[in-house]
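Student: Questions regarding the structure given below will be posed in turn.
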């Protein structure tokens, strides 16, 4: 997307996406020079000052935040180090959806593929815990499983994913500790693989279908999602699993919610700068009273109902965790507020700002916020998240075949739930 002005529908195609898990399989970091860094910084500064908007945040403070990270920016020799320094400055705004992407990360997001051994990880005390293993990727073929802890790479202790990264066809030596305490060495060859996770339908029991949506971004194919809901029409209950869903396009959220909620019902309000200015001018109200602004604003956010498929008329429960972010939080809140769907799991990320992703010079991309969001109940999700009705804590990683306590809890709750239509 270029710098030209976009319509709301065009912007919504790329907003509300946020990364949630560190993927231990990225390519090598590239070297960069001072000229490139200066060009990227200038581009980021212009975009933030001219276009970024979050109620209550002064983006003119960017220069101060930038100066606080100047030494790290000046000494950065690689794309990854430079990105880390810039994002450290951006994080000082205290808002989600404002981050710099390296050319490599931008390429992964665009193509849906990368090079590596095929694991997603989170840091733990003795290394990196494997959260997910990509089917048919090198790690999967070697027998590495979710729940294993990577303790060494090429004979050295590991605290981040940089040692795992590399080029296609190169070799990496991995030492992993299994959950039974056994230590095992692996010799893996890095390969290209897809990062896309397609939606899934699983029958938990004869009355209950679990529909898992991993993303509202790449991988969310509307025809495929429609097919899953067609298959689930006979179910008495649907468990909508949004755990680890980092968000995506608002238009895809509208599509998903259209299987549950009539398009006549407003599920929330996006608040942009013009809404705030108009509200203050007309009412002399406070510019930070987002609930009042949302109530006053006429343009509401609604589902888009698929006319060839009836609304699901059974019971619905929604699963979230701390990695459920952005668009998935909007979906969870909408189903809870409109249908009375119980929320099960752990509190979501609280990262719900509409944003766009644009070039920031030399292959770098900048994501920055342009609108806030308030639910139909007047709740701002940014910074607050979706709080579960039934908290079920989950391990960092669940080995294949392990019981899913959140699913079990959802089945128990649904047996005594009456949805509100």
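Student: Return the only residue of 330, 344, 356, 396 being over 19 Å from residue 211 (Cβ atoms) and either outside any loop (DSSP other than H, G, I, E, B) or modelled with pLDDT of 95 or more (or both). Don't jump to the end; show me each part of the working.
Tutor: Details: 330 fails: over 19 Å from residue 211 (Cβ atoms); 344 fails: over 19 Å from residue 211 (Cβ atoms); 396 fails: either outside any loop (DSSP other than H, G, I, E, B) or modelled with pLDDT of 95 or more (or both).
Sole residue among the options that is over 19 Å from residue 211 (Cβ atoms) and either outside any loop (DSSP other than H, G, I, E, B) or modelled with pLDDT of 95 or more (or both): 356.
Residue by residue, here is whether (1) touching a helix residue (DSSP H, G or I) at 6+ places or on another chain (Cβ under 9 Å); (2) farther than 25 Å from residue 373 by Cβ; (3) modelled with pLDDT of 95 or more holds:
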site: 63; (1), (2), (3): yes, yes, yes
site: 68; (1), (2), (3): yes, yes, yes
site: 92; (1), (2), (3): yes, no, yes
site: 109; (1), (2), (3): no, no, no
site: 117; (1), (2), (3): yes, yes, no
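Student: I'd like to verify a number: residues in the stretch 111-135 that are free of Cβ contacts under 8 Å to residues at least 60 places away in the same chain and either within 24 Å of the chain's Cα centre (by Cα) or buried (at least 21 other Cβ atoms within 10 Å of the Cβ) (or both), how many?
Tutor: As a first pass, look at the stretch 111-135 and keep what is free of Cβ contacts under 8 Å to residues at least 60 places away in the same chain: 111, 125-127, 133, 135.
Okay, now just the ones that are also either within 24 Å of the chain's Cα centre (by Cα) or buried (at least 21 other Cβ atoms within 10 Å of the Cβ) (or both), so 111, 127, 133, 135.
Adding up the residues that qualify gives 4.
Student: Next up: Does residue 59 qualify as being out of contact with any strand residue (DSSP E or B) (no Cβ under 7 Å at 6 or more places or on another chain), surrounded by 16 or more Cβ atoms within 10 Å (Cβ to Cβ) and touching a residue at least 24 places away in the same chain (Cβ under 8 Å)? Show your work before the answer.
Tutor: Working: out of contact with any strand residue (DSSP E or B) (no Cβ under 7 Å at 6 or more places or on another chain): yes; surrounded by 16 or more Cβ atoms within 10 Å (Cβ to Cβ): yes; touching a residue at least 24 places away in the same chain (Cβ under 8 Å): yes.
So residue 59 passes the test.
This table checks each residue for (1) buried (at least 20 other Cβ atoms within 10 Å of the Cβ); (2) touching a residue at least 24 places away in the same chain (Cβ under 8 Å).
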| site | (1), (2) |
| --- | --- |
| 44 | yes, yes |
| 48 | yes, yes |
| 72 | no, no |
| 78 | no, yes |
| 89 | yes, yes |
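Student: Checking residue 369 against (1) buried (at least 19 other Cβ atoms within 10 Å of the Cβ); (2) modelled with pLDDT of 95 or more; (3) closer than 28 Å to residue 125 by Cα: exactly one of these is not met. Which one?
Tutor: All conditions pass for residue 369, except number (3).
Student: Could you list, in sequence order, the residues of the stretch 247-268 that are within 18 Å of the chain's Cα centre (by Cα) and without any contact (Cβ under 8 Å) to a residue 60 or more places away in the chain? Step through it out loud before you land on a result.
Tutor: We begin by selecting, within the stretch 247-268, every residue within 18 Å of the chain's Cα centre (by Cα); these are 247-257.
Matches in the stretch 247-268: 254, 255.
Student: What is the residue count in the stretch 273-305 for residues that are part of a helix (DSSP H, G or I), out of contact with any helix residue (DSSP H, G or I) (no Cβ under 9 Å at 6 or more places or on another chain) and without any contact (Cβ under 8 Å) to a residue 12 or more places away in the chain? Spell out the reasoning first.
Tutor: Within the stretch 273-305, the subset part of a helix (DSSP H, G or I) is 273-283, 290-296.
Still in the list and also out of contact with any helix residue (DSSP H, G or I) (no Cβ under 9 Å at 6 or more places or on another chain): 273-274, 277, 281, 291, 295.
Checking which are without any contact (Cβ under 8 Å) to a residue 12 or more places away in the chain leaves us with 274, 277, 281.
Total meeting the criteria: 3.
Student: Let me ask something else about it. Would you tally the residues in the stretch 243-266 being in contact with a helix residue (DSSP H, G or I) (Cβ under 8 Å, 6 or more places away or on another chain) and either in a helix (DSSP H, G or I) or outside the structural domain of residue 336 (by TED's automatic domain parsing) (or both)?
Tutor: First pass over the stretch 243-266, keeping only residues in contact with a helix residue (DSSP H, G or I) (Cβ under 8 Å, 6 or more places away or on another chain): 243, 245-253, 255-257, 259-261, 265.
Keeping just the survivors that are either in a helix (DSSP H, G or I) or outside the structural domain of residue 336 (by TED's automatic domain parsing) (or both) gives 250-253, 255-257.
Summing the residues that are in contact with a helix residue (DSSP H, G or I) (Cβ under 8 Å, 6 or more places away or on another chain) and either in a helix (DSSP H, G or I) or outside the structural domain of residue 336 (by TED's automatic domain parsing) (or both) in the stretch 243-266 gives 7.
Student: Select the strands (runs of 3 or more DSSP E) contained entirely in the stretch 140-195, then report the ones holding at least 2 residues which are under 27 Å from residue 110 (Cα atoms).
Tutor: Working: elements: 149-153, 171-177, 183-189, 191-194.
Per the criteria, 171-177, 183-189, 191-194.
Student: Residues in the stretch 170-184: is at least one surrounded by 15 or more Cβ atoms within 10 Å (Cβ to Cβ) and out of contact with any strand residue (DSSP E or B) (no Cβ under 9 Å at 6 or more places or on another chain)?
Tutor: no
Student: For the condition farther than 22 Å from residue 386 by Cβ and touching a strand residue (DSSP E or B) at 6+ places or on another chain (Cβ under 8 Å), what is the one hit in 286, 300, 236, 212?
Tutor: Details: 286 fails: touching a strand residue (DSSP E or B) at 6+ places or on another chain (Cβ under 8 Å); 300 fails: farther than 22 Å from residue 386 by Cβ; 212 fails: farther than 22 Å from residue 386 by Cβ.
Checking each option against the conditions leaves just 236.
Student: In this structure, is residue 27 on the phi > 0 side of the Ramachandran plot, outside any helix (DSSP H, G or I) and either modelled with pLDDT under 95 or crowded, with 19+ Cβ neighbours inside 10 Å (or both)? Show your work before the answer.
Tutor: Values: on the phi > 0 side of the Ramachandran plot: no; outside any helix (DSSP H, G or I): yes; either modelled with pLDDT under 95 or crowded, with 19+ Cβ neighbours inside 10 Å (or both): yes.
The answer is no for residue 27.
Student: Within the stretch 182-202, how many residues turn out to be more than 23 Å from residue 163 (Cα to Cα) and without any contact (Cβ under 8 Å) to a residue 12 or more places away in the chain?
Tutor: Residues in the stretch 182-202 being more than 23 Å from residue 163 (Cα to Cα) and without any contact (Cβ under 8 Å) to a residue 12 or more places away in the chain: 1 in total.
The values are calculated or read from the model by the stated rules, or taken from the named source; none is laboratory data. Treat the numbers as computed from the prediction; the structure is a model and nothing was measured. So basically every Cβ, Gly included, is an ideal-geometry build from the backbone, and we count neighbours across all protein chains shown.
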